[in-house]
Ligand SMILES: NC(=O)c1ccc[n+]([C@@H]2O[C@H](COP(=O)([O-])OP(=O)(O)OC[C@H]3O[C@@H](n4cnc5c(N)ncnc54)[C@H](OP(=O)(O)O)[C@@H]3O)[C@@H](O)[C@H]2O)c1
């Protein structure tokens, strides 16, 4: 038995902003079984994550590609692009998995994935939550926000927190954790609709549209007349880079450099981190976050597109600010 597998692949390396035309959908035939004697797992993909870091993998060269992280290796032209997601096992040579198991891990932007032994793949216990939550709020976006905020920033109740890309997948969760701790939270985002959502649905104290603020420093002075205690940066460009530097991914001329004199006189600590370094916090993060979801204290913000063919526009869209919350593409019905 064979199946047709459609998958998204990269036509040429991307060294600026990604466009839909940088990608093409290719087709291959796959046997509905795994190579005898191998520990391969054939997965039918259901939901795949759309993440900014993938752009660094698609460049001709990026320092992230030589970082030694398996998920950061460069993407090969014409091949399937691996991505985090949820799927169902179709065939397995691995003793830990059997047909129809629900799994989460590194699958691909395609209809089917062959997951090799040693790659990230786990059985998924949905805990009664939608599967998509495990790609976003209960997955790496959540762990990034939780570990980055609580462990890297070491916040205290009442501190003043600023979050950039605040309606994004990580940013909205940082703001929600900070509000639950009792911090004063201000977020910036790229549209009025996002600004309204941060204040009305997620309880941010203030929010503003950075595209309408000519002078970012003056805007921050307005919202933080006595200064900022914690700046959780997803964007880079002007002040402190902690979580991500998405503006630099598409424009090399934009350096995520803080004003170094401020670093000295304000005794600012700047720290980069990767969520993968905090897997030991995963159980604590899951207990806290599932509890907040069950009691209605946290909200999942998701932005789900339908169909494999929507992956290129979903990916290009995150660099245009099209998404509100975690961007996911549903490849197949549950
Ligand atoms: N350290 C880690 O382990 C880790 C883990 C996950 C993510 N990250 C990083 O965290 C950041 C956010 O990731 P995410 O998954 O939560 O993505 P996301 O925020 O859901 O999506 C990207 C958002 O960033 C904003 N944006 C895009 N291009 C921009 C630019 N040039 N300048 C300013 N804002 C821009 C857009 O919102 P607006 O409309 O508001 O502009 C867009 O909606 C990224 O830099 C990502 O690489 C780091």
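The values are calculated or read from the model by the stated rules, or taken from the named source; none is laboratory data. Computed from a predicted structure; not experimentally measured. Because the Cβ atoms are built from the backbone with ideal geometry, glycine has one as well, and the counts that use them run over all protein chains shown.
Structural remarks
- Residue in the stretch 286-302 that is modelled with pLDDT of 95 or more, within 16 Å of the ligand (Cβ to nearest atom) and touching a strand residue (DSSP E or B) at 6+ places or on another chain (Cβ under 7 Å) present: yes
A quick yes/no check of all residues on (1) in contact with a strand residue (DSSP E or B) (Cβ under 7 Å, 6 or more places away or on another chain); (2) in contact (Cβ under 8 Å) with a residue 12 or more places away in the chain:
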residue: 188; (1), (2): yes, yes
residue: 196; (1), (2): no, no
residue: 199; (1), (2): yes, no
residue: 203; (1), (2): no, yes
residue: 216; (1), (2): no, yes
residue: 221; (1), (2): no, no
residue: 225; (1), (2): no, no
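This table checks each residue for (1) assigned to a helix (DSSP H, G or I); (2) buried (at least 24 other Cβ atoms within 10 Å of the Cβ); (3) more than 13 Å from the ligand (Cβ to nearest atom).
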{"position": "107", "(1), (2), (3)": "no, yes, yes"}
{"position": "126", "(1), (2), (3)": "no, no, yes"}
{"position": "172", "(1), (2), (3)": "yes, yes, no"}
{"position": "188", "(1), (2), (3)": "no, yes, no"}
{"position": "193", "(1), (2), (3)": "yes, no, no"}
{"position": "197", "(1), (2), (3)": "yes, no, no"}
{"position": "202", "(1), (2), (3)": "no, no, yes"}
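- Residues that are assigned to a loop (DSSP other than H, G, I, E, B), more than 22 Å from residue 303 (Cβ to Cβ) and out of contact with any helix residue (DSSP H, G or I) (no Cβ under 7 Å at 6 or more places or on another chain), drawn from the stretch 50-68: 59, 60, 61, 67, 68
- Filter result (closer than 25 Å to residue 293 by Cβ and either assigned to a strand (DSSP E or B) or without any contact (Cβ under 8 Å) to a residue 24 or more places away in the chain (or both)) within the stretch 109-124: 121, 122, 123
- Taken over the stretch 18-37, residues that are at pLDDT 95 or above and assigned to a loop (DSSP other than H, G, I, E, B) amount to 2.
- Flag if residue 219 is in contact with a helix residue (DSSP H, G or I) (Cβ under 8 Å, 6 or more places away or on another chain) and assigned to a helix (DSSP H, G or I): yes
- Condition check for residue 113: away from the ligand (no atom under 16 Å from the Cβ) and crowded, with 19+ Cβ neighbours inside 10 Å: yes
- Being out of contact with any helix residue (DSSP H, G or I) (no Cβ under 7 Å at 6 or more places or on another chain), touching a residue at least 40 places away in the same chain (Cβ under 8 Å), more than 24 Å from residue 140 (Cβ to Cβ) and outside any loop (DSSP other than H, G, I, E, B) is a property that holds for residue 90.
- Within the stretch 229-239, not a single residue is modelled with pLDDT of 95 or more, more than 16 Å from the ligand (Cβ to nearest atom) and assigned by TED's automatic domain parsing to the domain that holds residue 175.
- Cβ-Cβ distances below 7 Å connect the following pairs, each with a first residue in the stretch 37-54 that is over 19 Å from residue 111 (Cα atoms), a second residue that is modelled with pLDDT of 95 or more and within 16 Å of the ligand (Cβ to nearest atom), and a separation of six or more residues or different chains: 52/318.
- Taking (1) closer than 24 Å to residue 136 by Cβ; (2) away from the ligand (no atom under 15 Å from the Cβ) in turn, residue 207 satisfies each apart from (2).
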